[in-house]
Amino acid sequence: MLTSLYVEGQSWFHRVPVRLKLIALLVLSVGLFTTNAPLLLLPAFLLCGALYLSLGMTARQAFSRVGFVLFTILILAAVNLFLVPFPDVAALVLRLTALVLFAAAVTATTTIGAFMDETTILLKPAERLGLLRAADVSLALGLVLRFVPDIFARYQAISEAHRARGLPIRPLTIIGPLIILTLKDADTIAAAIDARGFRRQ
Amino acid sequence: MNTRDLVLIALFAAIVVVLGLIPPITLGFIPVPITAQSMGVMLAGCIIGAKRGALAFLLFVLLVAIGLPVLSGGRGGLAVFAGPSGGFILGWAVAAFVTGLIAERFVHQGNSEARQFVGFFLASVIGGIVVLYAIGVPWLSAVTGTPLTAAATGALVFIPGDLLKAAIATLAARAVYAGYPLLPARA
C-alpha cells in the first residue's frame, strides 16, 4: 500500500550521493529565483526535464508523479496572464516546472534508507542541543509505516460495521471511533517498546 | 518526552496517512473535493495538543519529503514542496501547534458541552484556517509571482469547505475528548 516513490534504475543520477542531490536542489531553488532571464530558465527547464525523463520511467509513470503539481502551476499561470506581463508568466512557469522536475528526479533516484541516513545527519545538531534524539525519529517513522495498514484495516472494519447496520458512511461517524481505537493502542505499544528497552532509558 | 508521547505522535501521523487514502467527497455546490486529510491539522491540535500535534505533522512532512506517497491522491516526494502549494504543507505543523495551544487553553474537563464545542471550533478555525493560510498564501504569492491580493481572493474559494472541515473536526475532537481524553495530559 505504501510503496516508495523510488524507481529502480542504473542511471548516472542514481549514483550521485544523496547529499549532493539535495544541495543541488537547494542551490537550484535559490538560484532560479534570482533570475528572470529566459536564456537561463529555458535551458534549466530543458535540462531538468531531460534528466527526469532519463531515469527509466515510462512517460505515463513520469507524468502521473508530477501531474498534479504541474496542473496547479498551469492554473496559476492562467490566472497570472491577466495580472502580470507575459514574459514574467513564462519565466515563472519555466522556473517552477524546472524545480518540480528536478525535485521529482531526486525523489525517484533516492531510496528511503538513503534519505533516512541524511535525515539522521541533519538532526545531529538538534540532538547535541538535547532537543530530540535521532533514534526516536527513526523509531517514530518505523511505527508510522508499520501501523498504516492496521489503521486502514480498522477504518474498513468500522465502515463495514456501518454498512451492516444500514448506516450511511460519513467521515464524521467514522473518524471518532477510528481515532479513539487507534490512540488507545498507544499505551500497549509504548509498554512493549519500553519492555524491550528500545529507547535505552 | 516519554515513549507514550512518541507512540501517540507516530499513531496520529499514521491516522493522517489513512485519512488521505479515504476517497474524497465532492460537494455539489463547490468544485473542490473535500479530503479528510487536511482536516488532520485541526484534529491533531484538538486531540493530542500543541506539541504532540505539531510533531505528528513534522513526522508526516518527513514522510512526504523522503518520497512516500502519503498525501491524498498518492502524491509525495520533494516535488510537492517545490510546487506552488509547498507553503501549505510546511505550514501544517505550525497550524497544528496553534490549534493545539488554543484548544489546551479553552477546553477543560469541567466546561459545559457547548463551551467545549466552541473552544474546539475556534481552535480549528484560527489554527487550521487563519494560521495555515497566513503561511500558505504569501508563500504561493512569492513563488508564483501572483499578486498577494489575487492569491488571497483565490483562496477564499476553499474557505466554505474548510469551515465544514472545522465543524467535522470539532464534533470528532469533542467525541474523542469525551470518550478518551488525551488533551489534558499534554506532552
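The values are calculated or read from the model by the stated rules, or taken from the named source; none is laboratory data. Please read all numbers here as calculations on a predicted model, not as lab measurements. Cβ: placed from backbone, ideal geometry, glycine included. Neighbour counts: every protein chain shown. With ligands, DNA and RNA removed, areas are computed over all heavy atoms of the protein, side chains included. Shrake-Rupley method; radii C 1.70, N 1.55, O 1.52, S 1.80 Å.
One table, with the values for the structure above:
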read-out	value
All positions within the range A:1-20 that are open to solvent by less than 60 Å² (accessible area, probe 1.4 Å) and assigned to a loop (DSSP other than H, G, I, E, B)	A:LEU2, A:SER4, A:LEU5, A:VAL7, A:GLY9, A:SER11, A:VAL16
Residue match in the range A:153-172 (condition: free of Cβ contacts under 8 Å to residues at least 60 places away in the same chain, at the interface with chain B (Cβ under 8 Å from one of its Cβ atoms) and among the β-branched types (Val, Ile, Thr))	no
Selection within the range A:84-129 - surrounded by 14 or more Cβ atoms within 10 Å (Cβ to Cβ) and free of Cβ contacts under 8 Å to residues at least 24 places away in the same chain	A:VAL84, A:VAL89, A:LEU92, A:VAL93, A:LEU96, A:THR119, A:THR120, A:LEU123, A:GLU127
Members of the range A:130-143 found to be within 11 Å of chain B (Cβ to nearest Cβ) and either closer than 21 Å to A:SER4 by Cα or open to solvent by 40 Å² or more (accessible area, probe 1.4 Å) (or both), listed by number	A:LEU131, A:LEU132, A:ARG133, A:ALA135, A:VAL137, A:SER138, A:LEU139, A:ALA140, A:LEU141, A:GLY142, A:LEU143
Test: residue in the range A:149-166 that is open to solvent by 20 Å² or more (accessible area, probe 1.4 Å), modelled with pLDDT of 90 or more and polar (S, T, N, Q)	yes
Residue tally, condition open to solvent by 40 Å² or more (accessible area, probe 1.4 Å), part of a helix (DSSP H, G or I), polar (S, T, N, Q) and under 28 Å from B:GLY74 (Cα atoms), over the range A:21-65	2
Unmet criterion (only one of (1) within 12 Å of chain A (Cβ to nearest Cβ); (2) β-branched (Val, Ile, Thr); (3) touching a residue at least 40 places away in the same chain (Cβ under 8 Å); (4) surrounded by 15 or more Cβ atoms within 10 Å (Cβ to Cβ)) for B:ILE135	(1)
Index of the failed condition, B:ALA166 passing every other in (1) hydrophobic (A, V, I, L, M, F, W, C); (2) in contact (Cβ under 8 Å) with a residue 24 or more places away in the chain; (3) farther than 22 Å from B:VAL17 by Cα	(3)
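Yes or no, residue by residue, for (1) over 12 Å from the mean Cα position of the chain (by Cα); (2) part of a helix (DSSP H, G or I); (3) surrounded by fewer than 24 Cβ atoms within 10 Å (Cβ to Cβ):
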site: B:LEU62; (1), (2), (3): yes, yes, yes
site: B:PRO69; (1), (2), (3): yes, no, yes
site: B:GLY77; (1), (2), (3): yes, no, no
site: B:ILE89; (1), (2), (3): no, yes, yes
